[in-house]
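Let me begin by presenting the structure, written as structure tokens, before commenting on it.
Read-outs throughout are calculated quantities, based only on the coordinates presented, and are distinct from any laboratory measurement. Predicted model, so just to flag it, every value in this text is computed and none were measured. All Cβ positions, glycine included, derive from the backbone under ideal geometry; neighbour counts span all protein chains shown.
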Amino acid sequence: MKNCFLYNKDCLQALDKIEENSIQLIFADPPYNLSGGKSLTTKSGKPAVCDKGSWDQIDDIDKFNYEWVEKCIRVMKDDGTLWISGTLHNHPNIGYLLKKFNLWIINDIIWFKNNAPPLLSRNRLVPSTELIWLASKSKKYLFNYEIGKNFNEGKQLRNMWQISSTRHITKHPTEKPINLLDRIIQLGSNEGDSVLDPFMGSGTTGVAAKMLNRKFYGIEIDKEYFNIAEKRISNTIVQNLLL
């Protein structure tokens, strides 16, 4: 595919193949390492053991996070931005690493899902948010401030984003809505720039990047999800900027 470079590999290996200081925007939704243990989730309205797949079972999650963040910093341009999505399960560790690598933390964006599924247990609040760290190498970075107003009726875009969850297009358990990635890519890059997703999953970042006429680098370790992503991106048509 033209302007799309896809790797069915472990991200720690594939990131070494990407040129240093070449990527304008990186979006990462890394594994939380919740599968294969005692963590529970909900399936068809009933509690179930969390088992997303072998890709979500990592021996040393702290070491893994350190290594992939370090490699992403190597390939990111000096004026590029790094967007990392997560929940309470991983964002404290990620925030610590961003500080450790001396990155400039631009924002902590709260993605509020007003239609999040209900909670079966009655001993805590219903999880309805994800946090997206936004960081750069310095205080000089590309950020399309005026485009941000298009997402907030002409006013300054705040760091609280209400974007509803959508029905998954694929079977991937952590698929993100296209509207979220569309917004992020427009804010942090321009047409023709390079976008990287080291945990591509079912390819939503690649679909949004291609629609917005960006070059896309996607890495996915799981063969089944890689094939799904490759097909989705291949079938995507470049369009005018989405607002």
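Provide the net charge surrounding S189, with neighbours chosen by a C-beta distance below 15 Å and charges set as Lys +1, Arg +1, Asp -1, Glu -1. If you can, show how the numbers build up before the last one.
Details: positive: K77, R183, K210, R214, K215; negative: D78, D79, E146, D182, E191, D193, D197.
Once positives and negatives cancel, what remains is -2.
Write down the percent of antiparallel bridges among all DSSP beta bridges whose residues are both part of the range 4-234, to the nearest 5. Rounded to the nearest five, the antiparallel share is 50 percent. Between Y96 and Y66, the modelled label-to-label distance comes to 1.0 nm, taking each label 7 Å out from Cα in the direction of the beta carbon. Look at L82, L180 and count the other Cβ atoms within 10 Å of each Cβ; fewest to most, that gives L180, L82.
Would you mind getting me the FRET efficiency between K139 and N235? Use the beta-carbon distance for r and R0 = 41 Å, nearest 0.05.
With a Förster radius of 41 Å, E is 0.55.
For the chain, a simple Cβ point-charge model (Lys and Arg +1, Asp and Glu -1, everything else neutral) yields a dipole of about 640 debye relative to the Cα centre. As a rough footprinting exposure proxy, the listed residues V126, V75 were ranked by other beta carbons within 10 Å of their own, and the order from fewest upward is V126, V75.
Extension gain, T174 to F5: 0.36 nm times the residue separation minus the Cα-Cα distance gives 58.6 nm. Across the range 145-162, rounded Karplus estimates of 3J(HN,Hα) from the backbone phi angles (6.51 cos²θ - 1.76 cosθ + 1.60, θ = phi - 60°) give 4, 5, 5, x, 5, 5, 8, 9, 6, x, 9, 3, 7, 8, 8, 10, 10, 9 Hz, Gly and Pro being marked x. Taking amide H positions as modeled 1.01 Å from N, with prolines and chain starts lacking one, the residues under 5 Å from I23 and 5 or more places away or on another chain are M76, K77. Put simply, the amide H of L6, placed in the peptide plane, has neighbours under 5 Å in G218, leaving out anything fewer than 5 places away on its chain.
Looking at the chain, identify the longest residue range that excludes and avoids all trypsin sites (Lys or Arg not before Pro) in DSSP loops having at most 15 other Cβ atoms within 10 Å. That would be 39-121.
Could you quote the convex hull projected area for the range 4-234, Cα atoms only and averaged over all directions, in nm²? Intermediate results must be reported in sequence, preceding the final value.
Working: hull surface 49.6 nm².
Average of the hull's projected areas for the range 4-234 equals 12.4 nm².
Remark: for residue pairs K9/K113; K17/K223; K137/K215, the C-alpha separation exceeds 28 Å in K9/K113. Label separation (N152 vs N190): 2.3 nm, computed from points 7 Å beyond Cα along the C-beta direction.
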